[in-house]
Amino acid sequence: MIGRLNHVAIAVPDLDAAAAKYRDLLGADVGQPQVLAAHGVTVVFVVLANCKVELMTPLGADSPIAGFLARHPGGGVHHLCFEVNDLDAAAKALIEGGARVLGAAKIGAHGVPVLFLHPKDFDGTLIELEEVKPEFEPV
Ligand code: CO
């Protein structure tokens with residue numbers, strides 16, 4: 001069902017400081033901040049050859065990552081995002097298999113549908129699934 005690892009998301013208390021570390025200390029290709037109002041976060045993508053790192057910080061008082069950062073004030077790994085070809089089919093199969101899908105699919109940071117799976121069903125790790133177009137399928 002899942003294909004490539006699309007990104008690892010890290011919740012950070014200071015987005016500019018985190019982006020600067022990846023750019024200046026690690027020498028990575030670091031993008032500009034993107035405000036994702038529908039998701040309650042501001043993100044910066046770090047583009048690696050084989051994957052991305054999504055640095056994200058809360059946007060607004062009811063940000064879905066505010067609680068996570070309250071528990072991890074220094075920041076921490078928040079979720080892993082795997083690519084799937086058909087998000088609806090993946091959700092159906094996962095629900096049939098007993099996994100909990102959190103809410104409905106939304107348009108994610110890359111303009112494609114995403115959904116999240118309950119961390120308690122995946123060993124304490126929040127999983128995001130992102131639908132990719134067939135031309136981006138792993139070969
Ligand atoms: Co993500």
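Taking the solvent-accessible surface of protein heavy atoms with a 1.4 Å probe, what is the per residue accessible area of the chain in Å²?
Details: 7770 Å² over 139 residues.
Value for the chain: 56 Å² per residue.
Using helices alone, I'd like the mean residue ellipticity at 222 nm for the chain: each DSSP H run of four-plus residues gives -39500 (n - 2.57), total over residue count, nearest 500.
Values: 3 runs with 22 residues, N = 139.
My calculation for the chain gives -4000 deg cm²/dmol from helical runs alone.
Evaluate the Kirkwood expression for the hydrodynamic radius of the chain, namely the inverse of the mean inverse distance over all pairs of different C-alpha atoms, and round to one decimal in Å.
15.6
Taking the chain as a Gaussian network, Cα atoms linked when under 10 Å apart, which of Ile127, Ile95, Ile107 shows the biggest mean-square fluctuation?
Ile95
With an 8 Å cut-off on Cα pairs and a minimum separation of 6 or more residues, tell me the relative contact order of region 33-98 in percent.
With pairs under 8 Å counted, the relative contact order is 20 percent.
Tell me, what % of the accessible area of the chain is carbon and sulfur with a 1.4 angstrom probe?
Looking at the chain in its full context, I get 58 percent from C and S.
So what is the relative contact order of region 98-137, in percent, for Cα pairs below 8 Å that sit 6 or more residues apart?
Computed value for region 98-137: 33 percent relative contact order.
What is the helix-to-structure angle for 87-96, meaning the angle in degrees between its Cα long axis and the longest Cα principal axis of the chain, kept from 0 to 90 and rounded to the nearest 10?
70
Filter the cross-link list Lys92/Lys133; Lys21/Lys120; Lys21/Lys133 down to pairs whose alpha-carbon distance in this structure exceeds 29 Å. Walk me through the numbers before you get to the answer.
Working: Lys92/Lys133 19 Å; Lys21/Lys120 31 Å; Lys21/Lys133 32 Å.
Lys21/Lys120; Lys21/Lys133, as the Cα separations exceed 29 Å there.
The values are calculated or read from the model by the stated rules, or taken from the named source; none is laboratory data. All values reported here derive from a predicted model rather than from experimental measurement. Accessible surface is based on the protein model in full, side chains and every heavy atom, while ligands, DNA and RNA are left aside. Shrake-Rupley method; radii C 1.70, N 1.55, O 1.52, S 1.80 Å.
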